[in-house]
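Below: one structure, written as structure tokens.
Every read-out reported here was derived from the displayed coordinates using simple, explicitly stated rules and does not represent laboratory data. Because the structure is a prediction, the values reported are computed rather than measured. We place every Cβ from the backbone using ideal geometry, glycine too, and count neighbours over all the protein chains shown.
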Amino acid sequence: MKRARTDVLAPSAKKSKKIAYDFVLDALSELEPTTRAMFGSTAIYLGERVLFILRKKGDRDDGVWVAFDEHRAGDATAALPNLKPIERLPNVRSWRKLAENHPDFEEDVLEACRLAGDRHGPLGKIPVRQRAKRERAGAPGARPTGARVRRAAPAPPKKRPAKAAKKRTKRA
């Protein structure tokens, strides 16, 4: 298994933190996944596709967060019926969780690992930044020309406050 962005021989390298649900890495070991720190948890990548975030912080969103493209949401939920919305991210549609407190948690996660090995399966997504790099480079798999990326509208310019008019009083 490779670890991204970590030089273990460097004298200033930090000791690696214990990874939650390390059986996921064992199940994916043949695929040579990489890990990166993300949101205080561990993200698992296969190539440039992010697959999972392994999160254990002691709250109701603990578990394995599963990534998929929005247009594959139906396929992902059909393959993994125990996927639940992430409570702290209610508006995010391309991530769901396999909750740690569910009785079939380990079986569901192992099934997700099996599905992750299929490059054309429903799981995994290329992050927006990676897609933009591909598009600029003209790499295969880039978005077709004319495809739009939703971006927030720019904020309107700030108005300067009007200078307060000084009151002139007549002195008698």
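Can you name the residue in segment 81-97 that is touching a Lys or Arg at 6+ places or on another chain (Cβ under 8 Å) and within 25 Å of SER29 (Cα to Cα) and, of all such residues, is surrounded by the fewest Cβ atoms within 10 Å (Cβ to Cβ)? Result: SER94. Residues in segment 39-52 that are out of contact with any strand residue (DSSP E or B) (no Cβ under 6 Å at 6 or more places or on another chain) and either crowded, with 18+ Cβ neighbours inside 10 Å or among the hydrophobic types (A, V, I, L, M, F, W, C) (or both): PHE39, LEU46.
The numbered conditions (1) farther than 14 Å from ILE53 by Cα; (2) touching a strand residue (DSSP E or B) at 6+ places or on another chain (Cβ under 7 Å) are all true for ALA99 except (1). When LYS18 is tested against the conditions (1) over 27 Å from ARG129 (Cβ atoms); (2) among the basic types (Lys, Arg); (3) not in a loop (DSSP other than H, G, I, E, B), the lone failure is (3). If only residues of segment 98-110 that are over 15 Å from ALA27 (Cα atoms) and touching a Gly at 6+ places or on another chain (Cβ under 9 Å) are counted, the one that is surrounded by the most Cβ atoms within 10 Å (Cβ to Cβ) is LEU98.
Of the residues making up segment 111-127, just one is of a type outside the set (D, E, K, R) and exposed (fewer than 14 other Cβ atoms within 10 Å of the Cβ), namely HIS120. The residue list VAL64, VAL92 contains one member that is of a type in the set (A, V, I, L, M, F, W, C) and in contact with a Leu (Cβ under 6 Å, 6 or more places away or on another chain), which is VAL64. Mind listing whichever residues of segment 19-62 are touching a Phe, Trp or Tyr at 6+ places or on another chain (Cβ under 9 Å) and without any contact (Cβ under 8 Å) to a residue 12 or more places away in the chain? ALA43, the sole residue that qualifies.
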